[in-house]
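What follows is a set of notes on a single structure, which appears directly below.
The values are calculated or read from the model by the stated rules, or taken from the named source; none is laboratory data. Just so it is clear, the structure is predicted and the values come from calculations on it, not from any experiment. No Cβ is skipped: glycine too gets one built from the backbone with ideal geometry, and neighbour counts run over all protein chains shown.
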Amino acid sequence: MARAAALAVSAAAGLAAAQSAQTPQAVQTARIEARSATYLAVGLVHGDRMSIHLSRLSDNAPVRDAVVSVALRGESHATSAEADGSYSFESKDLLVPGSAAIEFRVDQGELHERLVGKLEPAGKADKPEDNKTNARQLWWWVLNFAVCIGVLVLFSRRRKAAQD
């Protein structure tokens, strides 16, 4: 029985190593999401440049004809509209480490809205609970393998005893 449990542990460890080898290291970018009653803004930071995708909450349609400005670390930045319908701006403040509060100001015709969010560094996007979940899942697989092997061993002993 101990040999079966050791086999289950080594199989589960091999499974975890294979899964980690299959997942490529993704390029981590900082991300911010901010909402108001009307809009949803999603900002992605690539170096000193942020691209902002603005959409309506009611129908998820992109907003292309708005004037968007961004307040970051006490400084206001005007955005420029891109060909794909997004907005972007460049600032050295995006390179400063640590989290930052960001305010998006959207002016579209008669509508003026403020969307506030918090920009977290790319490394903080991985929640500490994820590591707990991975460890918990590994031990769940180990337990499953051990129970299955134990049942098989008991079944084979009963079969052997019935034959004798």
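Can you tell me which residue in segment 45-84 is farthest from Glu120 (Cα to Cα), limited to those that are in contact with an Asp or Glu (Cβ under 8 Å, 6 or more places away or on another chain) and not in a strand (DSSP E or B)?
Checked segment 45-84; the qualifying residue farthest from Glu120 (Cα to Cα) is Ala66.
Among the candidates Ser69, Ser80, which residue alone is exposed (fewer than 12 other Cβ atoms within 10 Å of the Cβ), at pLDDT 90 or above, hydroxyl-bearing (Ser, Thr, Tyr) and in the same structural domain as Asp48 (by TED's automatic domain parsing)? Show your work before the answer.
Values: Ser69 fails: exposed (fewer than 12 other Cβ atoms within 10 Å of the Cβ).
Result: Ser80 is the single residue among Ser69, Ser80 that is exposed (fewer than 12 other Cβ atoms within 10 Å of the Cβ), at pLDDT 90 or above, hydroxyl-bearing (Ser, Thr, Tyr) and in the same structural domain as Asp48 (by TED's automatic domain parsing).
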